[in-house]
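The next block holds one structure in the form of C-alpha cells; read it before the comments.
The values are calculated or read from the model by the stated rules, or taken from the named source; none is laboratory data. Owing to the predicted nature of the structure, the values given are computational and were not obtained by experimental measurement. Here the Cβ positions follow ideal geometry from the backbone for every residue, glycine too, while neighbour counts run over all protein chains shown. Note: areas computed on protein heavy atoms with side chains; ligands, DNA, RNA excluded. Shrake-Rupley method; radii C 1.70, N 1.55, O 1.52, S 1.80 Å.
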Amino acid sequence: MKTGHCVKILILWIIKCAFLLPFYPYLHAQNLDSLERVAQSGKLKSSEQLQVYHDLSYAYAYTDFNKSVTYAQTGIALAERDNDRVMTGTFYQTLGIAYYMFSYLDSASFFLNKALEYAETEKDEQLEAVVNAALGMVHYQKGLYTEAMQYYMKSLPILEKEKKKEQLGVLYSNIADLYQALHNYDQAFDFYLKAESIALELNDQSSLGCTWIGLSGAYFEKGDYEKALDYAEKAIAILHSHNDLVNEVIALNAAAQCYYEGYKDYDKAEEYAKKGLQISEESGFPASKAISLYFLSDIASSRGNYKMSEDYAFQALDTDSSDININSGLIYNIALANIEMGNRNRAVDYFKRYARIIYSHANKEFQGTLSEMQVKYETEKKETTILILEKAKRLYSWLGVSTGAILLLTLAFFIVKQRLTVSKRKLAEQQIKQLEQEKQLIATQAILDGETAERARLAKDLHDGLGSMLSVVKLNLPQVKINGTIDAESTERFQTAITMLDESIREVRRVAHHIMPDSLTRYGLKASLSDFCNAIPSVQFHYFGNDHRLDQKLEILIYRSAHELVNNALKHAGSTQINVQLVQESDRISLTVQDNGKGFDPLANTKGTGLESIRKRVETHTGKMNLYSSPGNGTEINIEFQI
C-alpha cells in the first residue's frame, strides 16, 4: 500500500483475530453435526437446551451467519419463556458477535448493548466483561479509538480480579492492537508479550497464533521485516494446523505485507494475498476478502497494471466497505490508477471523495470528543447541585467558587471547540492541496517518462535504422563504380556523393547521440557529460566526487538539464565561456552551469528559455533549482538532488 496512504493496514487485520473465540474453548471439542442432532432430539432439559443452542450459535458465528442468527434467536425466545435473563443477555451477546463477524457493525452494536443491559441489571460481571470487550472491538473497527479503549478498560479489571486467564490473554491482545493503531508501540509490545505469555502457559495454540500476528505487526512498524515475517509465517503454520481459517487469512495478509512493503517482492506478496483471498471466498468472510483484494490492488499498481489495480479496488469495495481505513485506501488507489491511465476528471473526482472520507472520519472523532466533554460537564453540574442541597450551610461560601468554575469550564469548552474546528478545517484544506500537488507531480512525471521513452526510441531508430541504411548504401556505391564505366566528370560527382554520404552518416549519429547518448546508458552521467562538453570548444567540464551509477531516470534528467542549459547559454546569452560542474557525494548530487553571457533579470518573464520546463522536471524528483543572474554579469544555475 502506498504507500503513502495504507495506507499501513496490518493493524486493522487483527480486529478479527483475537476476538472472543478463546472465551469458550470447549467449542473446539464439540462436533457440530452431533451437537445439532442432540439439539433436535427433544430429550434435553430446558437449561441444557439453552446451553446447546448457545454453543451452536457461538460456533457458527465464525462460519455460517444464518445458522448462528437462527440458533441465537431461538435461544432468546426459549430464555425469555423461562425468564432466564442471564441467558437472554448471553444470546444477545452471541447475536452481536455473529453480526460483527460478517461486518454488520451497527446491528452488532445494537445487540451487544442489549446484552450489556441484561448483564448490568443481573449484575453478571463475567457477561459484562465479555460484552464490553466485544463493544470495544466494534468501536475499534469503526475507527472510534477513544470509545474502544473505554470499553476495554471496563472489561480489564473484572477479568484480572476473576483471574480469567483465557479471556485476559484475548483482551491483552486487543488492547495491544489498539495501542499499535495509536502508534504507541512500546505499550503495544508490553500487552502483546503478556498475551503471548498466557497463551504459552495455557498451551492455547489459536491464541498464540493470533498474538504472533500482533507481534508481526509490531515488528513491521519498527522496520524489522525479518522478525515480522518470521512471526507471520509461524502464525500461518499454527493456525492452519488448527483449521482456524479466519485467522489464517489474517496471517497470510501479514506475510503478504512483509513481502510487499518490506522486501518489495511482489511475486511472493501476490502469492500470499491470493491464497488469503481463496480461503476468504471459500469461507465467506467479507472483511478478510476485502483486505486481500486491497493488497492485490496495491501490488498491481506497483507493477504498473493500473486497470487491474482499479478492478481489484472496486471488487473490495463491493465486498465490504464498512472499514473506513480500508475504504479510504481503496478510493485512493482508484484515483491514482486513473491518473496513470490519463482519466483526469475521474481521478480528480475520486481524490475529492478520498478527501471527504478523511475529513468525515476526523469530524466524527471531533464530535465524539465534544460529546464526552458535554457528558462530563453535565455530570459534574448534577453532582454540584446534590452537594449544595445536602450541605446548605456551605451554600454562600462555595457559591462564588462553583459559579466561577462553571464559567471557566464553559469558556474552556468553547475555546477548545473553536480551536479544533479551525484546526480541522486547515487540515482538510492542506490535505486537498497536497492531493492536488501529488496529482500534478504524477501527471508531470508521466509526461517526462513518455518523453524519455520517445527520445530513446527515436535515437535508436536514427542510429540503428537510418544510420545503418546509409552505411549499407556507402558500402554498395563503390561496386557501382567498379562494375560500370564512368567518365571523369561523373567520377567527380560520384566522389562528391560519397563525401556527402559520409557527412550524412556523421550527422545522423550526432543527432542520435544528442537525443539520447549511448554513453549515458553504457557508462553513466560523468562520461556522457564529458563527451558532450568536450565537443563544444567554449565549454569546460569539471567533475568532483565518487563516480557511481544513479537511478536511470535521474541520470537522464540531469543530462537533459545540462544539455538544455548549455544550449540556452550559447543561443540566448552570447556566452564565450561556459563552465559545467558536477559534484557527486554519497547522499547528494549537484549540477552547476555558469556562463559569462549577457545575463538577464530573473524576475522578468523568462518564457522561451526552457528554465520553467527544467524546474518542473527537477520538482518531480523532489530536487531544488536556484538561479543567479543579472544583466551584463552572466548567469549561474544550480540544481541539487538528495540520493
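Below is a table of values for the structure above.
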{"item": "Lys114 - accessible surface, heavy atoms, 1.4 Å probe, Å² rounded to 10", "result": "60"}
{"item": "R0 of 60 Å, Cβ-Cβ distance Arg493-Lys624: FRET efficiency to nearest 0.05", "result": "0.55"}
{"item": "Prolate/oblate/rounded call for segment 121-196, Cα gyration tensor, a/c under 1.5 rounded", "result": "oblate"}
{"item": "Sparsely packed GluC sites (Glu not before Pro) within segment 576-643, loop by DSSP, other Cβ within 10 Å at most 14", "result": "Glu585"}
{"item": "Net charge, Ala39 excluded, C-beta distance under 14 Å - Lys, Arg +1, Asp, Glu -1", "result": "0"}
{"item": "Percent accessible area from carbon and sulfur atoms, segment 186-297, protein chains only, probe 1.4 Å", "result": "46"}
{"item": "Sites matching trypsin sites (Lys or Arg not before Pro) across segment 269-308 that sit in DSSP coil, with at most 16 neighbouring C-beta atoms within 10 Å", "result": "Arg303"}
{"item": "Rg/Rh for segment 528-643, where both radii come from Cα atoms and Rh is the Kirkwood radius", "result": "0.95"}
{"item": "Kirkwood hydrodynamic radius over Cα pairs of segment 170-298, then Stokes diffusion coefficient at 10 °C and 1.306 mPa s, in µm²/s", "result": "110"}
{"item": "Among the listed pairs Lys274/Lys616; Lys268/Lys352; Lys227/Lys274; Lys165/Lys275; Lys154/Lys274; Lys194/Lys274, those beyond 30 Å (Cα-Cα)", "result": "Lys274/Lys616; Lys268/Lys352; Lys165/Lys275; Lys154/Lys274; Lys194/Lys274"}
